[in-house]
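The structure's right below; bear with me while I get my questions together.
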Amino acid sequence: MDAADIAAGRERWQKRYDDSRKRDADFTTLSGVSVDPVYGPAPGDTVTDFERIGWPGEFPYTRGLYPTGYRGRTWTIRQFAGFGNAQQTNERYKMILAAGGGGLSVAFDMPTLMGRDSDEPESLGEVGHCGVAIDSAADMDVLFDGITLQDVTTSMTISGPAVPVFCMYLVAAERQGADLSKLDGTLQTDIFKEYIAQKEWLFAPEPHLRLIGDLMEYCAREIPKYKPLSVSGYHIREAGATAAQELAYTLADGLGYVELGLSRGLDVNQFAPGLSFFFDAHVDFFEEIAKFRAARRIWARHLRDEYGATSEKALWLKFHTQTAGVSLTAQQPVNNVVRTAVEALSAILGGTNSLHTNALDETLALPTDESAEIALRTQQVLMEETGVTNVADPLGGSWYVEALTDRIEAEAEEIFARIRDLGEDGSMTQGILRGIEDGWFTANIAEAAFAHQQSLEKNEKRIVGVNAHTTTIAKDLEIMRVSHEVEVEQKRQLGARKTDRDSVRVQQALTHLVDVARTGENMIPAMLDAARAEATLGEICGVLKQEWGIYREPARF
């Protein structure tokens with residue numbers, strides 16, 4: 001790009017910056033030196049391929065979605081939390097919000113994640129242990145008691161039974177008197193990554209996609225601010241994928257959901273802004289920054305050139321980041337504070353829209369109140385003390401970062417081509433479905449994980465406290481334990497709730513839900529009626545399992 005084009009780009013950026021709202025904050029260094037809101041080539045410079053880097057707030061959004069960067073708005077501090085019963089988690093949420101958290105992110109226990117009730121035999125010993133137990137809309141009432149859902153953005157990390165859980169959330173909001181059209185937040189709902197990595201599904205892919213398509217339609221029509229899909233690379237990376245695999249598989253899944261929306265006759269400019277993404281921030285600092293920058297560029301280009309998106313918001317890749325759980329060590333766990341801070345900083349310099357920082361003890365148990373506060377304060381120290389919010393994309397133009405960004409983008413494009421080749425029609429959706437059925441994704445992730453493990457065992461890669469610097473004077477941590485009484489009480493309350501409700505109304509609602517499932521009608525209203533009647537999660541998922549069957553992964557060796 002020649003000097004005139006670069007100068008014209010800077011002028012465009014300056015106008016958009018001037019017209020944008022900025023925070024009332026001190027944008028100087030610790031020494032009091034004023035810094036510019038963005039940096040780029042010097043006047044008169046010619047830079048090859050500068051259009052791939054560009055300016056913040058301008059296609060292809062390599063340097064961020066907004067001309068102001070974090071001067072306009074900082075990332076949302078969204079701490080992931082959930083344990084025990086709804087009352088205990090409600091208390092943790094109130095602590096997070098009082099301490100400066102900007103949004104809620106709900107962690108569910110394993111029975112809930114698998115669409116089972118707390119009193120089912122398969123739930124024994126798992127109730128409340130890796131998240132909060134939710135059996136019906138009444139639990140949602142308690143979970144958000146004293147928290148005005150219309151005023152708080154709420155993220156829910158659940159995929160298999162995401163749609164009925166979301167309906168219970170909507171019923172809880174109704175009971176608060178909320179205007180549902182004003183609700184804001186994100187539901188994960190990403191079933192592709194379950195087959196690829198996390199393995200928490202209920203049905204075969206096609207019925208899950210039916211529900212996701214219904215949800216996309218419903219939210220686009222009724223709850224426009226709520227994002228019905230958070231396409232997740234986090235679990236793919238945690239399973240052992242490389243940075244490029246995480247990026248490529250995640251964006252491929254996202255493009256599959258775009259194809260789903262288009263197949264429903266939805267306008268890409270209307271539904272694409274409702275897609276968000278969820279990435280892992282691992283410990284290789286510069287590689288992660290490059291991954292985030294490449295993600296925005298790839299998404300914008302594909303949405304515009306392949307899927308016909310024309311509105312700016314449809315081209316934006318908005319993403320949440322969580323620091324890498326898999327990088328945490330049980331050995332010398334206090335070191336995890338350092339790892340988490342570095343990973344969080346990479347997400348910030350990569351332009352994340354919201355962020356969760358893991359607690360130092362999460363490799364051992366659910367976080368204690370103290371470790372959860374340290375995780376929250378880690379974000380606040382980075383936001384308030386380090387100056388990272390002063391300049392948009394401060395590493396833009398770095399030879400190393402730009403080369404890494406280009407390399408990861410090229411690797412991702414090669415993977416896209418292989419996925420499309422797997423399908424018969426060249427679509428991303430068919431390639432993904434074939435890759436799932438053939439075990440192509442899981443095999444590639446397993447191979448990457450094995451290679452990394454070998455490098456650790458050969459001491460080619462080093463982890464402090466594990467295969468390097470292993471001596472320590474640290475003492476064992478006091479960890480949080482979920483009492484068995486949580487399960488006993490949850491089952492007692494569930495039994496009482498089933499006794500007190502109108503069982504005829506419940507059965508009628510479940511029967512109607514199945515009837516709707518046999519048509520092409522949108523299933524969300526019928527599922528909402530079931531949730532209003534206090535049908536349980538296990539009952540709703542159970543009748544759909546009877547109708548659609550369950551999915552078992554083919555055995556592979």
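The values are calculated or read from the model by the stated rules, or taken from the named source; none is laboratory data. A quick note: this is a predicted structure, and the numbers were derived from the prediction, not measured. Because the Cβ atoms are built from the backbone with ideal geometry, glycine has one as well, and the counts that use them run over all protein chains shown. Ligands, DNA and RNA are stripped out before the accessible areas are found, and what is left, the full protein with its side chains, is counted by its heavy atoms. Shrake-Rupley method; radii C 1.70, N 1.55, O 1.52, S 1.80 Å.
State the Cα centre-to-centre distance between region 220-244 and region 450-520 in whole Å.
Centre-to-centre (Cα) distance: 19 Å.
Decide, for region 79-168, between rounded, prolate and oblate: order the square roots of the alpha carbon gyration tensor eigenvalues as a ≥ b ≥ c, take rounded if a/c falls under 1.5, and otherwise choose prolate if a/b is larger than b/c, else oblate.
Numbers: a/c = 1.97, a/b = 1.65, b/c = 1.19.
In terms of gyration-tensor shape, prolate.
Now a separate question. Using a 10 Å cut-off on Cβ atoms, rank the peptides 346-358, 479-491 from the highest mean neighbour count down. Spell out each step's value before the answer.
Values: 346-358: 25.2, 479-491: 16.4.
Put in order of decreasing packing, that is 346-358, 479-491.
On to the next question. Mind checking the angle between helix 243-263 and the chain's longest principal axis? C-alpha axes, 0 to 90 degrees, to the nearest 10.
60
Carbon-plus-sulfur fraction of the accessible area of the chain, 1.4 Å probe, in percent?
Details: 11830 of 23090 Å².
So the carbon and sulfur contribution to the accessible surface is 51 percent.
Where the eigenvalues come from the Cα gyration tensor of region 107-149, what are the semi-axes √(5λ) of the equivalent ellipsoid, largest first, in whole Å?
Semi-axes, largest first: 21, 10, 7 Å.
Now, a different point. Which lysines does residue 461 reach when only Cα atoms under 21 Å apart count, and residues fewer than 8 places away in its own chain are ignored?
By straight Cα distance, residue 461 reaches 291.
Run down the lysines and flag those whose C-alpha is under 28 Å from the C-alpha of residue 545, throwing out any fewer than 8 positions away in its chain.
Within the straight-line limit of under 28 Å, residue 545 reaches these lysines: 193, 199, 227, 491, 498.
Under a cut-off of 17 Å between alpha-carbon atoms, report the aspartates and glutamates in cross-link reach of residue 318, not counting same-chain residues fewer than 8 places apart.
Counting by Cα, and skipping residues close in sequence, residue 318 has these aspartates and glutamates nearby: 58, 184, 190, 246, 253, 280, 288, 393.
Also: Using a/c under 1.5 as the rounded threshold, could you call region 308-447 rounded, prolate or oblate? The axes a ≥ b ≥ c are square roots of the C-alpha gyration tensor eigenvalues, and prolate needs a/b larger than b/c, oblate otherwise.
Cα axes put region 308-447 in the oblate bin.
Now for a separate question. May I ask you to compute the full-extension gain from residue 174 to residue 479, defined as 0.36 nm times their residue separation minus their alpha-carbon distance, rounded to one decimal in nm?
106.1 nm
log₁₀ I(q)/I(0) of region 219-262 at q = 0.15, 0.16, 0.18, 0.33 Å⁻¹, via Debye over equal Cα point scatterers, no solvent, to two decimals?
-0.46, -0.51, -0.60, -1.09
Report the local net charge at residue 2: Lys and Arg +1, Asp and Glu -1, summed over other residues whose C-beta lies under 14 Å from its C-beta.
Numbers: positive: 10; negative: 5, 45, 49, 51.
Computed value for this residue: -3.
Cβ neighbours within 10 Å, averaged per peptide: list 434-441, 192-199 in order, most packed at the top. Provide the component values of the computation, followed by the final result.
Numbers: 434-441: 18.0, 192-199: 22.8.
Per-residue mean Cβ counts within 10 Å order the peptides as 192-199, 434-441.
For residue 23, enumerate residues with amide H under 5 Å from its amide H, sequence gap 5+ or separate chain, H modeled in the peptide plane.
Amide H neighbours of residue 23: 72.
Kindly work out what percent of the DSSP beta bridges joining two residues of the chain are antiparallel, to the nearest 5.
Details: 1 of 30 bridges.
In the chain, approximately 5 percent of DSSP beta bridges are antiparallel ones.
What's the local net charge at residue 498, with K and R +1, D and E -1, over the other residues with C-beta under 12 Å away? Kindly include the intermediate steps, with their values, before the conclusion.
Details: positive: 491, 492, 497, 501; negative: 117, 119, 135, 500, 502, 534, 539.
So the surrounding residues net to -3.
Continuing with this model, one more query. Using the heavy atoms of the protein chains and a 1.4 angstrom probe, tell me the accessible area per residue for region 1-92 in square angstrom. Intermediate results must be reported in sequence, preceding the final value.
Values: 4810 Å² over 92 residues.
With the other protein chains kept in place, region 1-92 gives 52 Å² per residue.
Heavy-atom accessible area per residue, region 147-252, 1.4 Å probe: how many Å²?
Values: 2440 Å² over 106 residues.
Accessible area per residue, region 147-252: 23 Å².
When you count, for each residue, the other Cβ atoms within 10 Å and take the mean per peptide, how do 427-433, 136-142 rank with the highest first?
Numbers: 427-433: 21.4, 136-142: 23.0.
Averaged packing, sorted descending, gives the order 136-142, 427-433.
Still on this model: Sum up the charges of everything whose Cβ sits under 12 Å from the Cβ of residue 179, counting Lys and Arg as +1 and Asp and Glu as -1, but leave residue 179 out. If you can, show how the numbers build up before the last one.
Working: positive: 182, 225; negative: 151, 174, 184, 222.
Computed value for this residue: -2.
Now for a separate question. To the nearest 10 degrees, how steeply does helix 335-349 sit against the main Cα axis of the chain, on a 0 to 90 scale?
Value to nearest ten degrees: 70.
For n ≥ 4 DSSP H runs only, could you compute -39500 (n - 2.57) per run for the chain, divide by its residues and tell me the 222 nm figure to the nearest 500? Intermediate values should be presented prior to the final figure.
On the way: 20 runs with 266 residues, N = 557.
Counting only the DSSP helices, I get -15000 deg cm²/dmol.
What FRET efficiency would be calculated for the residue pair residue 388, residue 21, taking the C-beta separation as r and a Förster radius of 25 Å, to the nearest 0.05?
On the way: r = 20 Å, r/R0 = 0.79.
It comes out at approximately 0.80.
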